[in-house]
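Trainee: Before I ask anything, here is the structure I am working with.
The values are calculated or read from the model by the stated rules, or taken from the named source; none is laboratory data. Note that this is a predicted model, so its numbers are computed, not measured. Here the Cβ is made from the backbone with ideal geometry for all residues, glycine too, and neighbour counts use every protein chain on show.
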Amino acid sequence: MSDRRARIAARFERVTNHDWLSPTQWRRRIVFWVGAIVVGLAAVLFARAADFASEAFRGMAAYGRWVPFLVTPSMFALLCWLTQGALKATRGSGIPQAIAALKVEDDGFRSRLLALRVAAGKMALTLAALLGGASVGREGPTVHVGAGLLYSLGRRFGFDEPAAAGRFILAGSAAGLAAAFNTPLAGVVFAIEEMSGTFEHRMSGTLLTAVIVAGVVSLGILGNYAYFGDISAALPLGRAWIAVLLTGVVGGLAGGLFARLIIPSATGMRGVLGRLRARQPVVFAAACGLALVLLSQLSAGGLYGTGYAQARDILQGHGDAGPLFGALKFLGNIASSWAGIPGGIFSPALAVGAGLGGNIAHFLPGADASAVVLLGMSAYLAGVTQAPLTSAVISLELTANHQMALPIMAACLLARAVSALVCRVPVYKAMADALIAQYAAERDGAARPPSAP
């Protein structure tokens, strides 16, 4: 009888200790779900505010061609000055900050990159950059904000153990991208390919749930939409597949060059430019803003903002961005990145790819022009990020097009291989490694005993 009671007691203990009945696990799930809702709401609010900021700049620019010459360099200088101190972590895309925080299991380092003040500053300063006409996007900053919100919420409710905090960072990043683009599958793929490089089995359900909840919030407020509309382009197997080769090579070369130029330690920021930026960062940022305005004078619609409207028009076959739009937007994105101001590169990269794809389509009259433009967008994004799977899935979900799956994946894989010849380390990884190296140097310096007098 005693053996039977012991077996019953042991079975009861196993049942009550099961993950689904554990109070700690349920508390963690609730925090994840609430956090995903907050991330979704923040992404929608950020998207609406970004559209408003871009429209406000266009309204100011409509008063005369001289307005951007005053507004844009001044805003670049102001943002550079504001991000010199406590808000330094708000600079750039925000994805490298999330990756670095995921890799380094140090609470002080993570808080410095993902604190709530950093998340709030990231949103506010990115909106200010768009208000000033900067050629930046909001998707990377949304990833940064999502990681910061879920990380801070997890710590607030006691989930500050390094591995647990890392799961909150990963889920917040994925939810942020999914809600920003309304692309849930891309959010999951991004977390696997770009953020962590692995997919822990225990994390799969949590990650998917966070992405779904954030996506549902965005869907409920904005409705079921494709970012660039429903594009019914197709590329039948045959001679038209030359477009895959051309867009893959061109997108990979251009994307790799862009990535190499915006990595601080790479060729683009060495020598005279690097010294000038180090000595006079505010003046250098103002000069970058002036360069963007001068480049915009050569473009029919300007190079300001995310480039979403121009990319949509090129993709849908109407509008007149001009034959030089892709090359000019490429240079405008470099100017904005070199300034060191807050803002992402996803949407501007898609705009550059659309321009390059439109150029390539002129040499392939037998191919569907929209299909070639879509390939150009996908390939250039893959060239910049060296994340072919994420780039392919984003492009497919943004256009609600499944007929182009095979050519898009082929172009992205080719672009990634070509890009690696130009820039050996993926851009987000290189920037995250720079943040980690800076942290290691500061830690070693603090740990080194003072020298004897």
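Trainee: Within the stretch 402-412, is even one residue surrounded by fewer than 24 Cβ atoms within 10 Å (Cβ to Cβ) and in contact (Cβ under 8 Å) with a residue 24 or more places away in the chain?
Mentor: So in the stretch 402-412, the residues surrounded by fewer than 24 Cβ atoms within 10 Å (Cβ to Cβ) come out as 402-403, 405-406, 409-410.
From what is left, the residues that are in contact (Cβ under 8 Å) with a residue 24 or more places away in the chain are 403, 410.
Taking every residue of the stretch 402-412 in turn, at least one turns out to be surrounded by fewer than 24 Cβ atoms within 10 Å (Cβ to Cβ) and in contact (Cβ under 8 Å) with a residue 24 or more places away in the chain.
Trainee: Against the definition (buried (at least 24 other Cβ atoms within 10 Å of the Cβ) and either basic (Lys, Arg) or out of contact with any Gly (no Cβ under 8 Å at 6 or more places or on another chain) (or both)), how does Ser419 come out, yes or no?
Mentor: It is false that Ser419 is buried (at least 24 other Cβ atoms within 10 Å of the Cβ) and either basic (Lys, Arg) or out of contact with any Gly (no Cβ under 8 Å at 6 or more places or on another chain) (or both).
Trainee: Could you please find all residues in the stretch 384-411 being of a type outside the set (A, V, I, L, M) and over 18 Å from Ala191 (Cα atoms)?
Mentor: Passing the criteria: Thr399, Asn401, His402, Gln403, Pro407.
Trainee: I need the full set of residues from the stretch 132-148 which are in a helix (DSSP H, G or I) and either in the same structural domain as Val293 (by TED's automatic domain parsing) or among the hydrophobic types (A, V, I, L, M, F, W, C) (or both), in order please.
Mentor: Val143, Val145, Ala147
Trainee: Can you go through Gly376, Gly366 and tell me which one is in contact (Cβ under 8 Å) with a residue 12 or more places away in the chain, in a loop (DSSP other than H, G, I, E, B) and of a type in the set (Gly, Ala, Ser)?
Mentor: The conditions single out Gly366.
One line per residue, one yes/no per condition, for (1) in contact with a Lys or Arg (Cβ under 6 Å, 6 or more places away or on another chain); (2) within 19 Å of Ala285 (Cβ to Cβ); (3) among the aliphatic types (A, V, I, L, M); (4) buried (at least 16 other Cβ atoms within 10 Å of the Cβ):
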position: Ala43; (1), (2), (3), (4): no, no, yes, yes
position: Ala50; (1), (2), (3), (4): yes, no, yes, yes
position: Arg65; (1), (2), (3), (4): no, no, no, no
position: Met75; (1), (2), (3), (4): no, yes, yes, yes
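Trainee: Also: Would you check if Ala120 is crowded, with 24+ Cβ neighbours inside 10 Å and either in a helix (DSSP H, G or I) or among the basic types (Lys, Arg) (or both)?
Mentor: When the stated conditions are applied, Ala120 does not pass them.
Trainee: If I go through the stretch 388-397 residue by residue, how many of them are buried (at least 24 other Cβ atoms within 10 Å of the Cβ), aliphatic (A, V, I, L, M) and either in contact with a Lys or Arg (Cβ under 9 Å, 6 or more places away or on another chain) or touching a residue at least 60 places away in the same chain (Cβ under 8 Å) (or both)?
Mentor: 2
Trainee: While we're looking at this one, here's another question. So how many residues does the stretch 149-192 have that are in a helix (DSSP H, G or I), polar (S, T, N, Q) and surrounded by fewer than 24 Cβ atoms within 10 Å (Cβ to Cβ)?
Mentor: Total satisfying the criteria: 1.
Trainee: Give me the residue from the stretch 78-96 that is small (Gly, Ala, Ser) and not in a helix (DSSP H, G or I) and, out of that set, surrounded by the fewest Cβ atoms within 10 Å (Cβ to Cβ).
Mentor: My answer is Gly85.
Trainee: Going by the conditions given, is Asn359 more than 20 Å from Asn182 (Cα to Cα), modelled with pLDDT under 95 and assigned to a helix (DSSP H, G or I)?
Mentor: Yes; evaluated as a whole, the condition is true for this residue.
Trainee: Can you tell me which residue within the stretch 336-350, out of those that are part of a helix (DSSP H, G or I) and touching a strand residue (DSSP E or B) at 6+ places or on another chain (Cβ under 9 Å), is farthest from Ile408 (Cα to Cα)? I'd like the intermediate steps shown before the answer.
Mentor: At the first step, the residues of the stretch 336-350 found to be part of a helix (DSSP H, G or I) are 336-338, 346-350.
With touching a strand residue (DSSP E or B) at 6+ places or on another chain (Cβ under 9 Å) added as a condition, the list becomes 337, 346-350.
Working: Ser337: 27, Phe346: 17, Ser347: 18, Pro348: 19, Ala349: 16, Leu350: 14 Å.
Within the stretch 336-350, the match that is farthest from Ile408 (Cα to Cα) is Ser337.
Trainee: Among the listed residues Val136, Val104, identify the single one that is surrounded by 20 or more Cβ atoms within 10 Å (Cβ to Cβ) and in contact with a Phe, Trp or Tyr (Cβ under 9 Å, 6 or more places away or on another chain). It would help to see each step written out before you state the result.
Mentor: Working: Val136 fails: in contact with a Phe, Trp or Tyr (Cβ under 9 Å, 6 or more places away or on another chain).
On inspection, the qualifying residue turns out to be Val104.
Trainee: Can you pull out the residues in the stretch 395-408 that are within 18 Å of Gln316 (Cβ to Cβ) and in a helix (DSSP H, G or I)?
Mentor: Answer for the stretch 395-408, where residues must be within 18 Å of Gln316 (Cβ to Cβ) and in a helix (DSSP H, G or I): Ser395, Leu396, Glu397, Leu398, Thr399, Ile408.
Trainee: Spot the failing condition for Ile99; the list is (1) part of a helix (DSSP H, G or I); (2) farther than 19 Å from Gly137 by Cβ, and only one is missed.
Mentor: The number of the failed condition is (2).
Trainee: If you don't mind, another one. From the list Ile360, Ile394, pick out the single residue that is hydrophobic (A, V, I, L, M, F, W, C) and closer than 29 Å to Ala50 by Cβ.
Mentor: From the options Ile360, Ile394, the qualifying one is Ile394.
Trainee: Could you list, in sequence order, all residues of the stretch 88-118 that are among the small types (Gly, Ala, Ser) and in contact (Cβ under 8 Å) with a residue 60 or more places away in the chain?
Mentor: Matches in the stretch 88-118: Gly92, Ser93, Gly94, Ala98, Ala100, Ala101.
Trainee: Among the candidates Ala178, Ala163, Ala124, Ala120, which residue alone is touching a helix residue (DSSP H, G or I) at 6+ places or on another chain (Cβ under 7 Å) and among the hydrophobic types (A, V, I, L, M, F, W, C)?
Mentor: On inspection, the qualifying residue turns out to be Ala178.
Trainee: What about Ala351, is it farther than 26 Å from Leu398 by Cα and among the small types (Gly, Ala, Ser)?
Mentor: No: the conditions fail for Ala351.
Trainee: Report whether or not Ala351 is without any contact (Cβ under 8 Å) to a residue 40 or more places away in the chain and touching a Ser or Thr at 6+ places or on another chain (Cβ under 9 Å).
Mentor: In short, no.
The rows are residues; the columns are (1) assigned to a loop (DSSP other than H, G, I, E, B); (2) touching a residue at least 60 places away in the same chain (Cβ under 8 Å).
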| residue | (1), (2) |
| --- | --- |
| Ala278 | no, no |
| Val282 | no, yes |
| Ala287 | no, yes |
| Val293 | no, yes |
| Ala300 | yes, no |
| Leu303 | yes, yes |
| Ile314 | no, no |
| His318 | yes, no |
| Ala321 | yes, no |
